[in-house]
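A quick write-up on the structure given underneath.
The values are calculated or read from the model by the stated rules, or taken from the named source; none is laboratory data. Fair warning: this is a prediction, and the values are worked out from it, not measured in the lab. Here the Cβ is made from the backbone with ideal geometry for all residues, glycine too, and neighbour counts use every protein chain on show. Quick note on the areas: whole protein, heavy atoms, side chains included, nothing else; ligands and nucleic acids left out. Shrake-Rupley method; radii C 1.70, N 1.55, O 1.52, S 1.80 Å.
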Amino acid sequence: MIKRIAAIAFILVCTSIAWAILGSTIFYRTYDQDKTLNKSVSSIWGAPEEQEPVAVGFAWMEERTSEKEENGKKVVTTEKIERITPVGVEGSDVAADFHIDYRQKGLLWFSTYRVGFSGTYKFRNATAHPQDFVFRLPFPSKQAVYDNVEMFLGDQPLPLSFSGSDASARARVDAGTSGRVRASYRSQGLDSWRYKFGKEVSQAKDFHLVARTDFSGFDFPENSMAPTEKKKTAQGWELAWNYQNLVSGFDIALKMPQKLQPGPLAGRISYFAPVSLFFFFFLIFILSTLRNLDIHPMNYFFMACAFFAFHLLLAYLADHISIHLAFLVSSLVSIALLVSYLRLVVNLRFALLEAGIAQLIYLVLFSYAFFFEGFTGLAVTIGAIMTLFVVMQMTGKIRWQEKFAGVRVGLANPFPR
């Protein structure tokens with residue numbers, strides 16, 4: 001009996017090493033390509049976006065006089081340089097509409113999104129003269145695509161000029177009057193979106209921002225402000241940030257929901273597989289002992305191979321089809337391998353009921369618990385306690401001394417087959 005248990009334990013250890021290699025391979029395939037894939041997605045779709053407010057100011061010409069010598073004579077030259085005096089924004093009404101649009105590369109899903117941005121900013125020409133105002137819309141990312149970029153002063157569209165990092169417009173504003181400039185565009189980004197008030201502690205008067213999503217599961221990153229209002233809608237959520245006189249060094253940010261990642265999930269399931277196989281072997285060993293079934297260690301080896309086939313197939317199927325479908329196919333293949341084998345070793349009833357149900361619980365259900373983040377440990381704990389209870393009830397009246405001595409099973413030869 002001791003030699004039989006040692007042989008089964010040896011099979012469990014060897015299979016565990018194989019699972020460790022498989023899990024490491026999956027994580028290597030996943031994270032070794034992560035940076036490359038991230039750059040690839042950013043170059044095709046767009047990068048994380050950080051939007052800043054429209055900068056408002058009025059332009060004026062400064063005359064600068066300089067002297068220099070030419071051919072022994074003093075020459076005085078005058079040149080005009082355009083200066084821009086910043087004008088504070090007195091109110092902001094910002095809206096951002098988000099649509100999630102996931103992209104898969106290799107074993108990773110990327111949280112790509114579309115955004116429609118619109119910002120209306122109130123300002124005032126507090127001088128005693130009409131001024132040529134300049135409005136500058138900083139682009140949230142250089143690595144992005146922008147469509148329908150527009151600026152309006154009131155209801156009047158403004159002609160735009162583009163530089164490497166912003167779009168700007170000019171308009172004449174009368175003395176002592178207030179105005180509203182509105183900037184809008186459509187774009188797409190990756191992972192997160194952020195509205196920055198400034199590089200340091202900044203002030204925002206009469207500030208209102210509304211973000212609308214057609215999804216749930218988003219988060220607010222560190223060093224960002226939580227919304228002052230949240231409202232569930234038919235499509236997703238409406239989030240609002242409303243402040244009368246905000247002074248803060250934090251930004252407003254939204255982290256897009258992450259889809260279940262096939263690579264890391266398959267890797268974690270592979271690392272956990274020895275626990276599943278241990279429970280399965282333990283139960284099969286107890287059942288075979290109780291019923292005097294002759295299950296040789298080589299039979300345990302092939303059962304371990306059936307378990308390993310599940311994780312191997314899952315790891316490489318997840319590249320090509322949905323992780324849920326890959327999990328279903330891998331489960332059916334593994335169960336079919338084990339049941340079809342044990343019906344020859346023992347009988348069909350044992351293969352279907354005892355072994356099949358045990359494999360369904362310890363391999364399939366335990367592995368499926370990884371789909372629900374935070375509940376895996378609880379699921380395994382409950383399964384372990386239930387297994388312990390069942391086995392204790394089944395073996396409470398067994399005389400283990402006789403079993404290990406080989407009285408009832410006839411284990412003078414530890415490997416009778």
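Structure values in brief
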read-out: Test for Arg64: is it open to solvent by 50 Å² or more (accessible area, probe 1.4 Å) and touching an Asp or Glu at 6+ places or on another chain (Cβ under 7 Å); value: yes
read-out: Candidate set from region 300-319 (those that are within 20 Å of the chain's Cα centre (by Cα) and over 17 Å from Ala273 (Cα atoms)); member that is modelled with the highest pLDDT; value: Ala318
read-out: Flag if Leu160 is farther than 27 Å from Thr213 by Cα and not aromatic (Phe, Trp, Tyr); value: yes
read-out: Count - residues of region 386-417 that are at pLDDT 55 or above, open to solvent by 70 Å² or more (accessible area, probe 1.4 Å), within 18 Å of Ile295 (Cα to Cα) and assigned to a loop (DSSP other than H, G, I, E, B); value: 0
read-out: Selection status of Ser43, of a type outside the set (Phe, Trp, Tyr) and assigned to a helix (DSSP H, G or I); value: yes
read-out: Residues located in region 249-283, provided they are without any contact (Cβ under 8 Å) to a residue 60 or more places away in the chain and open to solvent by less than 10 Å² (accessible area, probe 1.4 Å); value: Ile252
read-out: Among residues of region 155-198, those that are within 20 Å of Val89 (Cβ to Cβ) and aromatic (Phe, Trp, Tyr), counted; value: 3
read-out: Candidates Thr85, Thr78, filtered to the one that is out of contact with any Lys or Arg (no Cβ under 9 Å at 6 or more places or on another chain) and either open to solvent by 50 Å² or more (accessible area, probe 1.4 Å) or over 29 Å from Thr213 (Cβ atoms) (or both); value: Thr85
read-out: Sole exception among (1) small (Gly, Ala, Ser); (2) at pLDDT below 85; (3) more than 23 Å from Val275 (Cβ to Cβ) for Ser322, by number; value: (2)
read-out: Sole exception among (1) open to solvent by 20 Å² or more (accessible area, probe 1.4 Å); (2) of a type outside the set (Gly, Ala, Ser); (3) under 28 Å from the mean Cα position of the chain (by Cα) for Lys73, by number; value: (3)
read-out: Entirely in region 251-353, the helices (runs of 4 or more DSSP H) that have 1 or more residues that are among the β-branched types (Val, Ile, Thr); value: 262-290, 323-345
read-out: Residue ID - surrounded by the most Cβ atoms within 10 Å (Cβ to Cβ), chosen from residues in region 179-190 that are within 30 Å of Gln104 (Cβ to Cβ) and out of contact with any Pro (no Cβ under 9 Å at 6 or more places or on another chain); value: Tyr185
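Yes/no per residue for (1) within 21 Å of Leu388 (Cα to Cα); (2) open to solvent by 10 Å² or more (accessible area, probe 1.4 Å); (3) touching a Gly at 6+ places or on another chain (Cβ under 9 Å):
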| residue | (1), (2), (3) |
| --- | --- |
| Leu287 | yes, yes, no |
| Leu290 | yes, yes, no |
| Asp294 | no, yes, no |
| Phe308 | no, yes, no |
| Asp319 | no, yes, yes |
| Val339 | no, yes, yes |
| Glu354 | yes, yes, no |
| Leu365 | yes, yes, yes |
| Phe372 | no, yes, no |
